[in-house]
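Structure first, commentary second.
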Amino acid sequence: MFLSLLAKNKYKVILFTLFVLLLVVLIWPVSAGRKQRAAVLLEGIDYYQLSAGDYRVYFSGIDSVQGLKDLSFDSNACLNSSYEVGYFTSYSGKIVTHEQAFSPVVDTLQAQSCESDIIGRSRDYIHSLQLVLKKQMVELDYYVKTHMHDDDGFEEMVSVLAQSKQKDAMYDSLLVALDAIQKTGGDWSRKLTLSAYYTQVHERRRYACTSPSFVKGHVTVQLAEKALPQNASCVHNPFFAYDDLTVVSEHNELDTLVAPGAMPHVGILQGKNFLYRGELIGESPNGLGICTFQDGTVMQGHWLNGLLNGEGLLANSNSIAYSGTWAYGHLSGGVAKYPDGSRYSGSFLEDSIFDGSGEMDYADGSFYYGSWGEHKHNGFGMFVDAEGKIQCGTWKDDEFEGERLLYTADRVYGIDVARYQHLNRRRRPANISWKYLRITSLGTKSKKRISGEVSYPVSFAYIKATEGATVVNKYFKSDYKQARAQGIHVGSYHFFSSVPAEQQLAWFFKNNTYQKGDLPPVLDLEPTNAYITKRWGSDAKMFEQVLKWLKGVEARYGVKPLLYVNQNFIKNHLSQAPEELQNYDLWVARYGEFKPYSHMIYWQIAPDGKVSGIQSPEVDINVFNGSKERFEEYVNAF
């Protein structure tokens with residue numbers, strides 16, 4: 001009876017049996033080995049593109065500060081990368097991963113709905129950076145013109161100036177492109193490249209993938225080869241899901257040693273406070289992968305026994321991103337990006353500690369290039385602030401000590417003299433032998449780096465003419481005449497007092513000698529704080545008188561005079577002076593190892609130098625702020 005029924009319905013029975021077998025295959029639990037053979041690591045590298053006509057710019061995302069983040073004409077400058085775990089679902093190399101994988105940061109609808117606002121914000125950001133850059137370029141150009149090849153940092157500053165000019169041109173081009181895009185409306189697009197890494201035994205192979213298909217609930221990707229990798233498996237079970245690749249770790253930390261005999265595979269490792277997706281050996285991250293921690297920190301890249309080792313990235317909960325080369329969990333060199341747009345590139349001591357050589361570009365446009373020690377400027381470095389002020393020299397714990405010159409015969413040296421230089425060691429009158437002048441010592445009150453023997457010609461000399469409205473240097477006219485006869489560039493100076501400026505001008509004009517080709521006259525201004533308070537009452541009233549003298553000299557001789565001050569006066573008073581006064585060139589006295597930072601023509605480096613031809617035991621020594629070529633240009637202007 002049974003055989004008769006079977007014979008009559010054999011086709012139905014066969015179909016039923018096949019259905020049962022297929023159902024068993026589909027719902028049969030997937031073994032751990034098969035899961036490992038089906039799992040694959042996906043890597044996505046993307047950037048965004050905005051174009052209109054012939055204009056095309058690239059960016060990495062949208063930022064509240066920058067607008068279009070990392071805006072550039074180079075797509076390689078704004079790449080994002082990420083890793084995701086997926087699994088094969090067909091013999092043709094189809095991969096399924098979770099629904100948020102590789103989702104775009106900027107979709108077309110979002111971009112179009114606020115396009116004008118984003119581009120406007122980007123223009124404002126680029127424009128603000130360019131304004132700062134132009135100020136810096138003025139100061140960088142001044143620095144290069146007033147320094148020599150032997151000066152520390154000269155070659156670096158030349159390079160920075162060249163880079164700044166290129167950056168300025170790039171900003172111009174970016175602004176033109178953004179204007180064109182904003183007027184015509186841009187096309188927004190995302191460029192995504194997907195790769196699959198399949199791990200077998202101790203080898204890894206990379207496979208190119210097609211573009212992803214975003215379907216509600218999951219994302220599908222196809223291997224370009226349309227075939228499974230060797231030894232790979234696929235999972236057809238409809239009840240199998242992305243989460244089935246997860247292994248819950250008994251360890252609370254990532255840095256777990258590899259268990260003996262464990263094999264490489266791809267999977268998801270979930271701990272108490274972390275979720276790792278990537279290549280594993282046993283329950284230890286080894287290879288490529290990404291880990292998200294409970295506090296929002298993300299770490300991705302190359303792993304070794306649960307620690308980043310090799311190229312990697314860490315983005316912490318404060319939105320600071322560190323990328324570069326890691327050594328057993330510590331960043332040894334790379335880049336740190338901050339949410340305000342600041343960026344550091346260089347060496348690290350441990351993770352976020354800058355140490356060694358590095359470059360820091362701050363959000364306001366200022367920058368520091370040079371040596372670091374435990375996160376502070378230490379050693380030689382150059383800092384340029386947002387107003388263009390340059391501090392290039394020695395640093396200690398973020399404090400700028402100053403620029404150290406190398407003194408050689410290639411520099412331009414000069415002296416300034418008064419009646420005191422006509423007294424010998426015994427305080428007896430002695431003439432200056434202008435024909436035989438030669439600088440033989442740069443003084444001993446400060447350390448100096450000197451190359452070769454000190455035996456320098458006197459290229460310029462300033463001679464005191466008058467003081468106040470009653471004092472005159474009786475040697476002035478004789479010294480002036482003899483110095484000029486020896487081909488020395490000569491200038492005169494007046495020592496300023498609290499007498500009304502009109503009286504001091506009249507006295508200076510009466511006793512001074514000025515001829516075409518002479519150096520600009522100098523106002524010697526060196527009052528103490530007590531003197532200012534007692535005689536003028538305030539800085540403002542003093543500067544009012546100073547300006548009258550300077551303007552009066554300029555009107556009389558047709559040249560803009562100089563202002564002689566010391567470093568403390570610059571720090572405590574000159575910064576409060578009206579802008580008109582601050583535009584006058586300076587002659588700065590500072591008897592230290594380090595050069596003052598000012599727009600100065602001369603630096604008085606020592607009050608105790610020695611000069612053959614002058615019997616006085618002490619002579620003021622000055623150095624021109626620039627090369628011999630620049631000195632010739634300077635004096636020829638008069």
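Summary of computed values
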item	result
Counting all C-alpha pairs of region 517-587, share separated by more than 13 Å (%)	65
Total formal charge among the other residues, if their Cβ is under 11 angstrom from that of ASN80, Lys/Arg +1 and Asp/Glu -1	+1
Cα-based Rg of region 213-267 normalised by 2.2 N^0.38 Å, two decimals	1.54
CD proxy at 222 nm, helix term only [per DSSP H run n ≥ 4: -39500 (n - 2.57); per residue of the chain; nearest 500]	-8000 deg cm²/dmol
Total charge dipole magnitude, region 385-543, about the Cα centre, Cβ charges on Lys, Arg, Asp, Glu only, Debye to nearest 20	1200
Global geometry of region 258-327, whether rounded, prolate or oblate, following the gyration tensor of its Cα atoms and the 1.5 cut on a/c	oblate
Portion, in percent, of the accessible area of the chain that falls on carbon or sulfur, probe 1.4 Å	51
Electrostatic dipole magnitude of the chain [Cβ: Lys, Arg +1; Asp, Glu -1; Cα centre; debye, to 20]	1420
Per principal axis, descending, Cα span of region 98-247 in whole Å	76, 45, 29
Residue (of TYR369, VAL258, LEU245) at the positive-pole extreme of the chain, dipole from beta-carbon charges	TYR369
Cα-based equivalent ellipsoid of region 120-183: semi-axis lengths in Å, sorted from largest, via gyration tensor	31, 10, 7
FRET efficiency estimate (nearest 0.05) - Cβ-Cβ, TYR420 to ARG535, R0 25 angstrom	0.55
Selected from PHE293, VAL417, ALA483, residue furthest toward positive end of dipole (the chain; charges at beta carbon)	ALA483
Crossing angle, helix 154-184 versus the chain [Cα axis fit, 0-90 degrees, rounded to tens]	60
Solvent-accessible area per residue for the chain (1.4 angstrom probe, square angstrom)	49
Shape box of the chain [Cα atoms, principal axes, largest first, Å]	148, 58, 43
Beta bridges per DSSP with both ends in the chain, % antiparallel, nearest 5	80
Lys/Arg +1, Asp/Glu -1 at C-beta; region 431-532 dipole; positive extreme among THR528, PRO500, LEU437	LEU437
Unit charges on C-beta of K, R, D, E only; dipole of region 502-632, Debye	180
Mean Cα-pair separation over length for the chain, i.e. relative contact order, pairs under 8 Å, 6 or more apart, %	10
Cut-off under 5 Å, modelled amide H: who pairs with TYR407 long-range	ARG449, ILE450, SER451
Region 249-264 - phi-based ³J(HN,Hα) in whole Hz, Karplus 6.51/-1.76/1.60, Gly and Pro as x	7, 7, 8, 8, 10, 6, 6, 9, 5, 5, 6, x, x, 5, 10, x
Cα gyration tensor shape of region 312-372, rounded if a/c is under 1.5, else prolate or oblate by comparing a/b with b/c	oblate
Table column - 3J(HN,Hα) (Hz), region 623-638, Karplus curve with 6.51, -1.76, 1.60, x for Gly and Pro	10, 6, 7, x, 7, 4, 5, 5, 5, 5, 4, 5, 6, 5, 5, 9
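The values are calculated or read from the model by the stated rules, or taken from the named source; none is laboratory data. Bear in mind the structure is a predicted one, so any value in this text is a computation, not a measurement. Glycine gets a Cβ as well: all are built from the backbone with ideal geometry, and neighbour counts include every protein chain shown. Please note that ligands, DNA and RNA were not included when accessible areas were found on the heavy atoms of the full protein model with its side chains. Shrake-Rupley method; radii C 1.70, N 1.55, O 1.52, S 1.80 Å.
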